[in-house]
Amino acid sequence: MAKILIVYSTVDGHTLTISKRLAESLRAFGNQVRLASVDDLPAMALDECNKVIVGASIRYGNYRPALLAVVKRHAHTLNGKPSAFFSVNLMARKPGRDTPETNPYIKKLLRHTHWRPVETAVFAGKLEYRHYRFLDRCIIRFIMLVTGGPTDPATVQDFTDWQKVEAFARRIAGL
């Protein structure tokens, strides 16, 4: 049984939803799992676990600054134990952008940090216009228009491939 810490960075809550699903799956494999937000990560949390998973969402092409600060500050610790990273973004809804090797956000994060996770994954996010502020809704609708996604402001669509999430959990359980 491993002690696993899942550190998440979320804007609209979907990365937390995915983190909770990962936690359920990993507990089913007999692991102890703890969730922590990058915004209030306890100082000793990384030292108290055997494995670390970091999950983060993208907004307007960037991860939140708090995520980048945690990864840069703790890269040495993350590299010293089995660690994994998953990215949540709407670009991953498109074939050819849905793997760690083809997703530009993961590639950029790993290029700009010293962290080298053992496992990486990218999951398509959830589009829910009614939860966005007015300006965000307009910008995201424009991005969806340009990229061929849904633009109806009543759209609620979860693009997440939950089987990919489960497969990621199995890979992490096997580390």
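Every read-out reported here was derived from the displayed coordinates using simple, explicitly stated rules and does not represent laboratory data. Please read these numbers as outputs of a predicted model, since none were measured by experiment. Positions of Cβ are generated from backbone atoms using ideal geometry, with glycine treated the same way; all protein chains shown enter the neighbour counts.
Could you check which residue among Y129, Y63, Y105 shows the biggest mean-square fluctuation in a GNM of the chain with a 10 Å Cα cutoff?
In the Gaussian network model the winner is Y129.
Give the distance, in whole Å, between the Cα centre of segment 152-175 and the Cα centre of segment 26-76.
If we compute the Cα centre of each part, the gap is 18 Å.
What does the charge dipole of the chain about its Cα centre add up to, to the nearest 20 debye, if the Cβ of each Lys and Arg holds +1 and the Cβ of each Asp and Glu holds -1?
Magnitude of the dipole: close to 300 debye.
For segment 84-143, just say rounded, prolate or oblate: build the C-alpha gyration tensor, square-root its eigenvalues into a ≥ b ≥ c, call rounded for a/c under 1.5, and beyond that prolate if a/b exceeds b/c, oblate if not.
Prolate is the answer for segment 84-143, as a/c is 1.5 or above and a/b outweighs b/c.
Put a dot 7 Å past each Cα toward the Cβ at R73 and L35; how far apart are the dots in nm?
It is 2.2 nm.
Return, for the Cα atoms of the chain, the radius of gyration and Dmax in Å, separated by a comma.
15.9, 47
Multiply the residue gap between L135 and R171 by 0.36 nm, knock off their C-alpha separation, and tell me the result in nm, one decimal place.
This chain segment gains 9.1 nm when fully extended.
Just flag the GluC sites (Glu not before Pro) in segment 58-135 sitting in loop per DSSP whose Cβ has no more than 16 other Cβ atoms within 10 Å. Can you show the working numbers first?
On the way: sites: E101, E119, E128; in loops: E101.
Filter output for segment 58-135: E101.
Looking at this model, which pairs from K51/K164; K3/K164; K51/K94 are more than 27 angstrom apart at the alpha-carbon?
Violating the 27 Å limit, Cα to Cα: K51/K94.
Just want to confirm a number: the relative contact order over segment 7-63, from Cα pairs under 8 angstrom separated by 6+ residues, in percent.
Relative contact order here is 48 percent.
Which FRET efficiency value, to the nearest 0.05, do you get for E101 and R21 by plugging their Cβ-Cβ distance into 1/(1 + (r/R0)^6) with R0 = 30 Å?
0.80
Go ahead and set up a Gaussian network model of the chain, Cα springs under 10 Å, then flag whichever of F142, F123, F86 fluctuates most.
F142
Any chance you could get the radius of gyration and Dmax over the Cα atoms of segment 1-75, in Å?
In order Rg, Dmax, the Cα atoms of segment 1-75 give 12.3, 38 Å.
Where a Cα-Cα gap under 20 Å defines reach, which aspartates and glutamates qualify for K72, not counting those fewer than 8 residues away within the same chain?
Partners within reach: D39, D40, D47, E48, E119.
Between A28 and D161, how many nm apart are label points set 7 Å from Cα along the C-beta direction?
So the two model labels end up 1.8 nm from each other.
As a test, work out the antiparallel percent of DSSP beta bridges whose residues both lie in segment 25-175, rounded to the nearest 5.
25
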